[in-house]
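The values are calculated or read from the model by the stated rules, or taken from the named source; none is laboratory data. Given the structure is predicted, the values throughout are model-derived calculations rather than measurements. Cβ: placed from backbone, ideal geometry, glycine included. Neighbour counts: every protein chain shown.
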Amino acid sequence: MGAVKSGTAAGSAGVAGSAGVAGVAGSAGSAEAAGAAGVAGSAGAGGMSAGGASGRRESGGQTSARRIPRPRADALRNRERIVAAAREMFVEHGPDVPLDEIARRAGVGNATLYRHFPDRAALILDVVVAVLDRVSRQAEAATAEEADPFAAVRRFVHTAADERIGALCPMLSGAFDTAHPDLDAGRERLEAAVQSLVERAQSAGRMRGDVAVGDLMVALSQLTRPLPGTACPNMDRFVHRHLQLFVDGLEAPARSELPGVAATLADLRSTS
């Protein structure tokens, strides 16, 4: 299964920006003195606090649990920018794009990228989980908001294409941990959402009955999979046109008999 949009992220565009910082030097001597005093005072207070805590441990044998600090807002923003930029660049150039290029597009330094993602596999995992989450929410929204069950299928197919879900396939190869709990959870949510879409449309007689969820996901993945480094950069303009041809073929009544058997989710899992 897979997908993300070239140059415009699947729903999330990469954010490229850089911040210039200008330092103003004034009253350097007094600033240093004040800083030193603050450090000394903090150290003294810390020592007293540590002594008190030690005394409490010795006397009472219990201490309060240490609070885990929440990530700062700017740290969360940087992480989102890195993931968005990575999604874009994985679509454009494949999953082996240099990480420093991703950092540059996100507008952060290499150290910031590695602070959030110690290696390529960690970054790819976050990108894949983010795409699965976005596509799942789109499937759920289509089911909830479209009165016509087949219109919900049509809407989902086109919005999932904008996320370039087909781009996930190359990312899931190699040494990637396809059994990671976060990935399993995202995949199960997406499968359930798409299963609901298909069953609703088929029950209403609006979608042909000889196809299954696997057929939908395989076709969606193949029709939206990018071709990194292709000499035909304008191929994206045909994606929705060809998807509509595919969607028209899903609508009931069927106009032909399909060869083979329907592809189920179990079939997809057995080949992944």
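Applying the condition of being farther than 14 Å from Arg225 by Cα and part of a helix (DSSP H, G or I) to segment 90-103 and asking which residue is nearest to the chain's Cα centre (by Cα) yields Ile102.
Rundown of residues vs (1) in contact with a Leu (Cβ under 8 Å, 6 or more places away or on another chain); (2) at pLDDT below 95, yes/no style:
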{"residue": "Ala122", "(1), (2)": "no, yes"}
{"residue": "Val127", "(1), (2)": "no, yes"}
{"residue": "Ala139", "(1), (2)": "yes, no"}
{"residue": "Glu145", "(1), (2)": "no, no"}
{"residue": "His158", "(1), (2)": "yes, yes"}
{"residue": "Ala161", "(1), (2)": "yes, yes"}
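Scanning segment 104-132 for residues that are more than 15 Å from Met89 (Cβ to Cβ), small (Gly, Ala, Ser) and over 16 Å from the mean Cα position of the chain (by Cα) yields Gly109, Ala111. In segment 244-272, the qualifying residues are those that are surrounded by 12 or more Cβ atoms within 10 Å (Cβ to Cβ) and in a loop (DSSP other than H, G, I, E, B), and the one that is modelled with the highest pLDDT is Ala252. Would you confirm, using the coordinates I've provided, whether Ala75 is at pLDDT 95 or above and within 18 Å of the chain's Cα centre (by Cα)? Criteria not met by Ala75. For segment 190-230, a residue qualifies if it is hydroxyl-bearing (Ser, Thr, Tyr) and at pLDDT 95 or above, and the qualifying residues are Ser196, Ser203. Restricting attention to segment 106-115, the residues being buried (at least 21 other Cβ atoms within 10 Å of the Cβ) and assigned to a helix (DSSP H, G or I) number 2.
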